[in-house]
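Presented below is the structure to which this report refers.
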Amino acid sequence: MSRKSSRQPEDAPTRPEDLRARYESGATVDELVTASGLSYGTVLNRLHEAGTEMRTSWQTRRMRQDPQARQRLAAHLRALYEQRGATLTELAAAGAGTRRAARRLVIEAGGAVRTPQQTLRIRAAARAVQRQKLALSLRARYEAGATVPELAEDCNYSVATVYRLLHQARTPMRPQHNHGPARDTRKRP
């Protein structure tokens, strides 16, 4: 009888992929050592060989406390990531803890991680939509009688920015008034 067979049950997880699957479903390294009969170092080496992202003990505790809470968090983070263009750093601050954990939760929820360029495009599109809404709002207020300087003061924008937004909204502009001193249009002798 070999030494291996005396320590390991027949269905013991010893392949790197099997160890990774159990680890990612919540098992600790110590539990894998017990289940597989392998040494602690061998289990760690096989987990690394399988490309496993290791977690801290507090992440394991949090994951075990409420699996449904983890699923809800993952779904929430995915929505922020996909619909609002949040970055992994922002997701870490929103509850994932680290960028790596945020990435893992997005993937667990069925999302796909995007490139930084894709994030920039999503954010630029969102800003364009917000700017268009602001432009239409300013147009409505301008057409209701507000002046450009009043709109600029209310929105905390420069007069030039308000003019640009009004032009972006294709606002028919009122004639400009000359508020300076009257000009003498006569020719001088």
### Query
Given R₀ = 41 Å, FRET efficiency for W58-K133 by Cβ-Cβ distance, to 0.05?
0.45
## Note on the structure
Helix 67-83 sits off the longest principal axis of the Cα atoms of the chain, rounded to the nearest 10 on a 0 to 90 degree scale, by 40
### Summary
Placing +1 on each Lys and Arg Cβ and -1 on each Asp and Glu Cβ in the chain, then taking the dipole about the Cα centre, the residue among P172, M63, C155 whose Cα reaches farthest towards the positive end is P172
## Note on the structure
Descending accessible area (1.4 Å probe), largest on the left, turns V113, V106 into V113, V106
## Note on the structure
Phi-derived 3J(HN,Hα) across the stretch 87-98 with the Karplus relation (6.51, -1.76, 1.60, θ = phi - 60°), rounded Hz, x for Gly and Pro, is 8, 5, 5, 5, 5, 4, 5, 7, x, 6, x, 9
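Could you put Y23, Y163 in order of accessible surface area, largest first, with the 1.4 Å probe and the full protein assembly present? It would help to have the intermediate numbers written out before the result.
Numbers: Y23 10, Y163 70 Å².
Largest accessible area first, the list is Y163, Y23.
Ignoring everything except DSSP H segments at least 4 long, calculate the 222 nm mean residue ellipticity for the chain; use -39,500 (n - 2.57) per segment, divide by total residues, nearest 500.
On the way: 11 runs with 118 residues, N = 189.
It comes out at -19000 deg cm²/dmol, rounded to the nearest 500.
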### In Å², nearest 10: area of T87 left accessible to a 1.4 Å probe
40
### Task
Please work out how much accessible surface D154 shows to a 1.4 Å probe, ignoring ligands, DNA and RNA, in Å² rounded to 10.
100
### Task
Run the dipole for the stretch 63-138 about the Cα centre, Lys and Arg Cβ at +1, Asp and Glu Cβ at -1, nothing else charged, and hand back the magnitude in debye, nearest 20.
160
### Read-out log10 I(q)/I(0) by the Debye sum over Cα atoms at q = 0.11, 0.13 Å⁻¹, derived from the coordinates shown; its label in (1) -0.65, -0.79; (2) -0.72, -0.84; (3) -0.54, -0.70
(2)
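Just by accessible area at a 1.4 angstrom probe, what is the order of R46, R114 from largest to smallest? Intermediate results must be reported in sequence, preceding the final value.
Numbers: R46 70, R114 35 Å².
Sorted descending by solvent-accessible area, the residues read R46, R114.
Cα convex hull of the stretch 19-83: how many Å³ per residue? Don't skip to the end; give the middle numbers.
Values: hull volume 5.9 nm³, N = 65.
In the stretch 19-83, the Cα convex hull volume per residue is 91 Å³.
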### Query
With every protein chain left in place, what is the accessible area of E31 in Å² (1.4 Å probe, nearest 10)?
80
### Lys, Arg +1 and Asp, Glu -1 on Cβ, resulting dipole of the chain about Cα centre, debye, nearest 20
1000
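The values are calculated or read from the model by the stated rules, or taken from the named source; none is laboratory data. None of these values were measured; they are calculated from a predicted model. A quick note on method: Cβ atoms are made from the backbone with ideal geometry, for glycine too, and the neighbour counts reach across all protein chains shown. In case anyone asks, the SASA skips ligands and DNA or RNA and just uses the protein heavy atoms, side chains included. Shrake-Rupley method; radii C 1.70, N 1.55, O 1.52, S 1.80 Å.
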